[in-house]
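Here's the structure we're looking at; comments come further down.
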Amino acid sequence: MANNTALSKAKDAKKDEFYTTYEDIQAELNHYEEHFRGKTVLCNCDDPFESNFCKFFLRNFNYLGLKRLICTSYGDSSMVGQQMSIFDDEEQPVTPENGYVMDIREVPMANGRGVSDADIHNLLTSKKRGVKRLKDSGDFRSAECIEYLKQADIVVTNPPFSLFKEYVAQLMEYGKQFLIIGNQNAITYKEIFPLLKKNHIWLGHHCGDMAFTVPATYEPRETRFWVDESGQKWRSLGNICWFTNLDLKKRHEEIILYKRYFGNEEEYPYYDNYDAININKVSDIPNDYFGYMGVPITFMDKYCPDQFEIIGATESEGKGFSEGLWNAESKVAQPLVNGERKFKRIFIRRRNKV
């Protein structure tokens, strides 16, 4: 069971609730269909009544050929509070201290042709097959939820951004396949970058702008915030990525390199404090240079491990080094060109001279 401090942090983490749209989930999952047949999927940060992850897998349960779907989350859903009859033990109140779980092995279709909203509603509110109360809080780190994690093949969700490092660490500890949403800045976290460098995880298909619905309690912001005609609040972020260890076609597509280094050396200055050339845009990577190159972290969205080798990175969360660059010969804290600091860089080199 998670300790009190962890549970307190988990409750605070709910302040970074960003609900992913069904359309964004579908657009990403379209690239991984072959991985799901016969598998148990876990969405362990997902209210079955509110989460579009849950809705997506319910609607596509039969199409994807899933073996089982498990969704767990905290017990403070407004829908759960209103629909007490969904629980077997109706006389006991549902409180935020009790999480909830939906654990199903089949999704019946009334019309026999596809899963409708009515089918999903009937399933969620079924006393035999629907949502059940957990004994614990629903924190993904609790012993009860970890038992569900052990039974899963693939984890798909949008975990709290504030707990991203801890969330990924748990997935790696239990050797799970996953497809999750995170901030692009996580690329250079000292806990995350080594996994990317060693090709234990990589970026998914989409990386960039993504819009999320947020709770009504969220305060308005000057930018990237709006309220739609229904009164729903929205926020968008421009640096959102899917992180995964499921293979996908994009990962094997090499970057087309059309620029040249030799004859244009002035465009590629060396760093003051590291033996590598600076490249400001991924599209500027030259096709005739095979030494070390420093590229923006947006490179990871185009990275093909057959084409490039990752050497290291600078500025892990602004605190110094990521794996690969700390050595006696070159102690790179921040990449400098003519004394000017460059933003976070990934250091790479071409794999083969062709």
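Between SER236 and GLU191, how many nm apart are label points set 7 Å from Cα along the C-beta direction?
3.0
Looking at the square roots a ≥ b ≥ c of the eigenvalues of the Cα gyration tensor of region 113-241, which shape do they give, rounded for a/c under 1.5, prolate if a/b is larger than b/c, or oblate?
Note, shape of region 113-241 comes out oblate.
With Cβ to Cβ distances under 11 Å as the rule, what net charge do the other residues near GLN307 carry (K, R +1; D, E -1)?
With Lys, Arg at +1 and Asp, Glu at -1, the net is +1.
Mind giving me the nanometre distance, one decimal, between the label points for PHE343 and ASN30, set 7 Å out from Cα along Cα→Cβ?
2.9
Summing +1 for each Lys or Arg and -1 for each Asp or Glu, what net charge is found among the other residues whose Cβ lies under 10 Å from the Cβ of GLN151?
Within the 10 Å Cβ shell, the charges total -1.
Could you please report the charge total around ILE25, scoring K, R as +1 and D, E as -1 over all other residues with beta-carbon less than 14 angstrom from its beta-carbon?
Charge balance in the 14 Å sphere: -4.
Pull out a ≥ b ≥ c, the square roots of the eigenvalues of the alpha-carbon gyration tensor of region 260-318, then state rounded if a/c is under 1.5, prolate if not and a/b is larger than b/c, and oblate in the remaining case.
Oblate.
The numbers here are math on the coordinates, done by the rules we state, and not lab data. No experiment lies behind these values; they were computed from the predicted model shown. All Cβ positions, even for glycine, are placed from backbone atoms using ideal geometry, and neighbour counts span all protein chains on display.
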